[in-house]
Amino acid sequence: MKKRKKYPRLPNAFGSIRYLGAGRRNPYAVHPPAKLADDLGDYVRPAAICYVNDWYVGFAVLNAYHAGTYTPGDELKFQQYRTLDSRELDDFCQRILADYAAHSQTENIAVRHEKTFEEVYKLFWEYKYGENAKKKLSKQSQNTTQAAFKNCAQLHKKAFKELRHKDLQDCIDGCTLRSASINNMVLLIRQMYKYALLYELCEKDYSDGLRVPEDDCEHGVPFSEDELKILWARKDDPVIEFALIMCYSGYRITAYKTIEVNTDEWYFKGGVKTAAGKDRIVPVHSAIQPLVLARLARYGRLLEKTTVNYRNSLYEALNALGIEKHTPHDCRHTFSMLCEKYGVRENDRKRMMGHSFGADITNGVYGHRTLEDLRAEIEKIKV
């Protein structure tokens with residue numbers, strides 16, 4: 001099969017000449033530069049200016065379009081002038097493109113592929129939060145975006161177009177913050193790439209496949225026995241009520257958004273993040289069953305707020321009780337601590353917390369525990 005000729009590469013914001021396939025009288029569609037999309041993730045290619053039978057004719061059309069001299073039908077005139085051989089045409093095109101780039105610089109038009117990560121961020125910020133943004137977003141959203149950008153400091157001065165997946169992943173892996181902050185970094189980078197593709201500031205999305213490090217080793221401080229006693233004494237407070245449920249079940253806070261609660265057989269089913277953590281079953285400890293029922297009757301679900309709002313409510317409630325600051329993830333650490341203190345089997349603690357067994361094939365593949373087996377273990381924890 002004969003390969004199609006490779007034509008000179010067109011610069012960003014120049015437009016495109018798209019080959020539609022053989023069997024057409026005019027197989028090349030000539031498109032102007034991409035236009036603004038309604039939503040951040042949508043890349044909109046404008047309708048074709050015209051359709052031509054030769055790439056070089058399409059190139060002439062785009063040049064006339066940028067010069068402001070193109071009128072419909074000019075492509076027929078350009079076709080008549082197409083007399084040079086391919087090598088001469090390629091040289092001619094390269095000279096035209098070089099003049100176009102020089103003209104862009106002279107006119108103080110930024111050379112888009114040279115913009116740094118920081119410069120692209122500023123453009124993205126204006127797009128998302130500026131006066132002409134499609135939707136007015138909250139101050140909390142703005143603060144989260146600003147913090148995520150600050151945490152990407154090692155990328156700030158690097159040319160955005162020169163970044164590759166490894167550069168982005170190294171930035172993520174080198175961050176020592178909590179997983180929530182790292183997730184915000186990944187979200188920002190992904191949104192910036194969508195914006196950059198939209199405005200032709202890059203040619204490929206290298207944020208695809210970014211991996212967030214597991215947070216099971218995330219630093220955390222479990223509630224002490226004395227602090228748990230204070231919490232139990234204030235269990236009627238809805239904020240403390242939910243903290244106790246987390247302390248005695250061990251799920252990540254985001255899992256409670258969609259977790260299944262079976263009050264007939266008394267178990268939770270759900271989980272997020274890892275294969276071992278998803279859809280795992282954890283018996284509902286008898287001490288928190290009344291709290292679960294009260295919460296379901298009151299809200300219809302366990303987590304009635306956003307995770308951010310609950311986190312802030314927890315900080316306020318703990319401060320009012322004179323307890324040092326604990327995050328929702330500290331409740332997961334508390335569950336792990338309680339399992340260890342009261343002699344819950346290590347393998348069952350891993351199962352209930354959604355930890356991987358790694359190379360332990362015996363437990364990972366052949367270890368089968370019933371709901372009642374797990375209930376007997378979790379009930380070892382004394383309140």
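One chain, two ends: Val212 and Ala22. Fully extended at 0.36 nm per residue, the span grows by 64.0 nm beyond their Cα-Cα distance.
Charged neighbours of Ile240, selected by a Cβ distance under 13 Å, balance to -1 (K, R count +1; D, E count -1).
Electrostatic bookkeeping for Lys305 treats Lys and Arg as +1 and Asp and Glu as -1; over the other residues with beta carbon under 13 Å from its beta carbon, the sum is +2. Applying 1/(1 + (r/R0)^6) with r as the Cβ-Cβ distance of Lys341 and Glu126 and R0 = 45 angstrom yields a FRET efficiency of 0.30.
To make sure I understand the rule: partners must be lysines, Cα under 17 Å from the Cα of Lys235, and not fewer than 8 residues away in the same chain. Which ones qualify? Answer for Lys235, where 17 Å is the Cα cut-off: Lys382, listed by chain and number. Quick check on the range 166-248: take the gyration tensor over C-alpha atoms, sort the square-rooted eigenvalues as a ≥ b ≥ c, and tell me if it's rounded (a/c under 1.5), prolate or oblate. The shape class here is prolate.
Note on Asp237 and Leu177: the model spin-label points, each 7 Å out from Cα along the C-beta direction, lie 2.8 nm apart.
Sorting Cys331, Cys171 from the fewest to the most surrounding beta carbons within 10 angstrom yields Cys171, Cys331.
Between amide H atoms placed 1.01 Å from N, distances below 5 Å from Tyr267 occur with Asn262, Val284, all of them 5 or more places distant or on a separate chain.
Per-residue extension of 0.36 nm, minus the Cα-Cα distance of Ala287 and Arg45, leaves a gain of 81.2 nm for this segment.
Which of the three applies to the range 119-221, rounded, prolate or oblate, going by the alpha-carbon gyration tensor with a ≥ b ≥ c and a/c under 1.5 meaning rounded? It is oblate, given that a/c is not under 1.5 and a/b is not larger than b/c. The Lys382 and Asp205 beta-carbon pair, evaluated with R₀ = 56 Å, returns a calculated FRET efficiency of approximately 0.60.
Just so you know, all these numbers are worked out from the coordinates, no wet-lab data involved. All values reported here derive from a predicted model rather than from experimental measurement. Glycine gets a Cβ as well: all are built from the backbone with ideal geometry, and neighbour counts include every protein chain shown.
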